[in-house]
Amino acid sequence: MLAAVAAASMWFYVMDILRARQIAEAEAKQIPRGNLSDLYPRWLGARELLVHRRNPYSREVTLEIQEGYYGRRLDAARPNDPKDQQGFAYPVYVAFLLAPLVGIPFPALLVIFYWSLVLLTGASVWLWLRTLRWRLPLVGLTACMVLTLGSFPAVQGIKLQQLSLLVAALLAGSSACVASGFLFCGGVLLALATIKPQLAWPLVGWLLLWAIGDWRGRRKLVFGFGLTMILLLGGAEIVLPGWWRMFAEAIGQYRHYTQSQSVLEVMLNQIFGSAASGGTGRLGGQILAAIAVIACVPLLWKLRVRAADASGFSCATALTLALAVLVVPMYAPYNQVLLLPAILLLVRERAAFLSRSRGRRLACRLGALVLGWQWVASLGLTMTYWLVSRDLAFRGWEWPFFATFALPVWVFALIFFYVNDECRRVQERHV
């Protein structure tokens, strides 16, 4: 019941407070608003490539995308127009996954994909629980699914039709297959998830390292991944020769006009303000990201020999995805759905934290506060909207965002210390 109330308040906040505020701002500043579906640029690009044999990375297709996404083409002379050109900044083989959808009228596809993301996101909870080998009663499983679907990252991703939720479900499916012994299938799903390389490749690196740890017993994972990647890359080269150069150029343009930054970079910019805008925040974020990666490598190396049904494997998987959210050079709350395995693991092992030092107990409780703040704030705004003043609720639209930057950092820190303890326990048992 509490999970349902929290989820309902989040959906109300996004649809009736945040969205209303965005519409009002767009009208005041003449900011264009079309379908605003992140699926649309990929769908239109795939349709033009597969049906009309047009280059989805071309300027002409980008302008057609803008007409649907924003409602009109962007005008550089208008200072309030968005900077994101909405180009086709994906590997061209994403068209193969979208091929069954290109013949569906987009208004109908919006409804289909919306509910598909709801089902996939809910199913990913069950898949991650299988990876963690955590059997929850029906009430607990239902509460986890409801809270996940009612979290701000999931609500934002579903509302925006973001392919990040599809990638998150593919990664969950891949991990669950590996944990259940279906290595070839796990490799296939892992390869499909590379349609968003920045999110998938950290887990790809970990799973390939894990496979090398016992090549004879785990080589099917590499075979499934390698064969699928060969088919994807080969097929992409057939339908659009030289696509990888166009993709690299599209990524460069995307980073230029969006000024894409990692969670750490954005957080430092928020902390130091204008002092960080000259490059301090970016450099500091990159240094912290490098430190986080270097700190994780020895732990993953130690856990590479652990079996898929052992706790070390699921710990390393959760740590890798938490690291990915922290360091990938693209901050977006919907990417935080990849924190789900780490959060589930920390909830399951909360007794281990609470039995440690006072600092660990405090860190665990603060982590719970950071995670729960989004629902506290959305519930407070919902009650304010209905019981006090709509205008006051609109003025407080930023409240649920206050912990957005802290959550990936806090989850990573907690899961890092837990995995470090796990490595120590493994070493002590061997001694």
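The values are calculated or read from the model by the stated rules, or taken from the named source; none is laboratory data. As the structure is a prediction and not an experimental result, all values here were calculated from the model. Glycine gets a Cβ as well: all are built from the backbone with ideal geometry, and neighbour counts include every protein chain shown.
Is it the case, given these coordinates, that Leu319 is buried (at least 18 other Cβ atoms within 10 Å of the Cβ), modelled with pLDDT of 95 or more and touching a Cys at 6+ places or on another chain (Cβ under 8 Å)?
On the way: buried (at least 18 other Cβ atoms within 10 Å of the Cβ): yes; modelled with pLDDT of 95 or more: yes; touching a Cys at 6+ places or on another chain (Cβ under 8 Å): yes.
Criteria met by Leu319.
Any residue in the range 393-415 that's over 18 Å from Leu268 (Cα atoms) and touching a residue at least 12 places away in the same chain (Cβ under 8 Å): show its pairings with residues that are part of a loop (DSSP other than H, G, I, E, B) and aliphatic (A, V, I, L, M) at Cβ separation under 8 Å, as long as the two are six or more apart or on different chains.
none
Pull up the range 4-60, narrow it to residues that are assigned to a loop (DSSP other than H, G, I, E, B) and under 22 Å from the mean Cα position of the chain (by Cα), then point me to the one that is surrounded by the fewest Cβ atoms within 10 Å (Cβ to Cβ).
Asn35
In the range 103-131, which residues are exposed (fewer than 14 other Cβ atoms within 10 Å of the Cβ) and assigned to a helix (DSSP H, G or I)?
Scanning the range 103-131 gives Pro107, Ala108, Val111, Ile112, Trp115, Leu119.
Just checking, which of Val409, Val431, Val419 is exposed (fewer than 12 other Cβ atoms within 10 Å of the Cβ), of a type outside the set (Lys, Arg), out of contact with any His (no Cβ under 8 Å at 6 or more places or on another chain) and at pLDDT below 95? I'd like the intermediate steps shown before the answer.
Working: Val409 fails: exposed (fewer than 12 other Cβ atoms within 10 Å of the Cβ); Val419 fails: exposed (fewer than 12 other Cβ atoms within 10 Å of the Cβ).
One residue alone meets the criteria, Val431.
Mind listing whichever residues of the range 22-31 are in contact with a Lys or Arg (Cβ under 9 Å, 6 or more places away or on another chain) and within 15 Å of Arg395 (Cβ to Cβ)?
Listed by number, the list holds a single entry, Gln22.
If we scan the range 306-315, do we find a residue that is assigned to a helix (DSSP H, G or I) and without any contact (Cβ under 8 Å) to a residue 60 or more places away in the chain?
At the first step, the residues of the range 306-315 found to be assigned to a helix (DSSP H, G or I) are 311-315.
After this cut, where a residue has to be without any contact (Cβ under 8 Å) to a residue 60 or more places away in the chain as well, the list is none.
No, there is no match, as no residue in the range 306-315 is assigned to a helix (DSSP H, G or I) and without any contact (Cβ under 8 Å) to a residue 60 or more places away in the chain.
The rows are residues; the columns are (1) in contact with a helix residue (DSSP H, G or I) (Cβ under 7 Å, 6 or more places away or on another chain); (2) at pLDDT 95 or above; (3) of a type outside the set (Lys, Arg); (4) over 30 Å from Thr404 (Cα atoms).
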site: Leu207; (1), (2), (3), (4): yes, yes, yes, no
site: Arg219; (1), (2), (3), (4): yes, yes, no, yes
site: Met229; (1), (2), (3), (4): yes, yes, yes, yes
site: Gly235; (1), (2), (3), (4): yes, yes, yes, yes
site: Ala250; (1), (2), (3), (4): no, no, yes, no
site: Arg255; (1), (2), (3), (4): no, no, no, no
site: Ser274; (1), (2), (3), (4): no, no, yes, no
site: Ser277; (1), (2), (3), (4): yes, no, yes, no
site: Arg282; (1), (2), (3), (4): yes, no, no, no
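Conditions: (1) modelled with pLDDT under 90; (2) touching a Phe, Trp or Tyr at 6+ places or on another chain (Cβ under 7 Å); (3) not in a loop (DSSP other than H, G, I, E, B). Gln261 meets all but one. Number of the miss?
That leaves (3) as the condition not met.
State whether one or more residues within the range 383-393 are within 24 Å of the chain's Cα centre (by Cα) and in a helix (DSSP H, G or I).
Checking the range 383-393: not a single residue is within 24 Å of the chain's Cα centre (by Cα) and in a helix (DSSP H, G or I).
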